[in-house]
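What follows is a set of notes on a single structure, which appears directly below.
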Amino acid sequence: MSVVDVPSPQNGKELWAEADREQAYWTDHYAQLLRRYPEQFVAVQNGRVVAHDSDLPTIVTKLEQVGIEPTQAWVRFITRDPTSHRW
């Protein structure tokens, strides 16, 4: 049997706050991103777009090429149809 890492209450609050910041960013900037990057994946770090492409693996490569660990960026597919999923 293995032990699953459970965040401490303080770490959990920090993770929740980060998720709130991310959601606020997408809500506040979605229309602008849709005009600039329609039907593309967009990666954001520290409030700025650091990569975009229609292909998710290419986003990962682009992030790595500029020294950004993919887990350290927010990534969303920007589309007019929110029911579509391109994973």
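Quick note: the coordinates plus some simple rules give every number you see, no bench work behind them. Given the structure is predicted, the values throughout are model-derived calculations rather than measurements. Every residue, glycine among them, receives a Cβ derived from its backbone with ideal geometry; neighbour counts consider all protein chains shown.
Tabulated results
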{"quantity": "Residue selected from segment 12-47 under the condition of a type in the set (S, T, N, Q) and in contact (Cβ under 8 Å) with a residue 24 or more places away in the chain, by the criterion nearest to Thr83 (Cα to Cα)", "calculated": "Gln40"}
{"quantity": "Residue list for segment 40-61, restricted to those being outside any loop (DSSP other than H, G, I, E, B), surrounded by fewer than 19 Cβ atoms within 10 Å (Cβ to Cβ) and not aliphatic (A, V, I, L, M)", "calculated": "Gln45, Arg48, His52, Asp53, Pro57, Thr58, Thr61"}
{"quantity": "Whichever residue in segment 24-39 is within 8 Å of Ile78 (Cα to Cα) and hydroxyl-bearing (Ser, Thr, Tyr) and, among such residues, is surrounded by the fewest Cβ atoms within 10 Å (Cβ to Cβ)", "calculated": "Tyr30"}
{"quantity": "Of all residues in segment 62-82 being assigned to a loop (DSSP other than H, G, I, E, B) and touching a strand residue (DSSP E or B) at 6+ places or on another chain (Cβ under 9 Å), the one that is surrounded by the most Cβ atoms within 10 Å (Cβ to Cβ)", "calculated": "Ala73"}
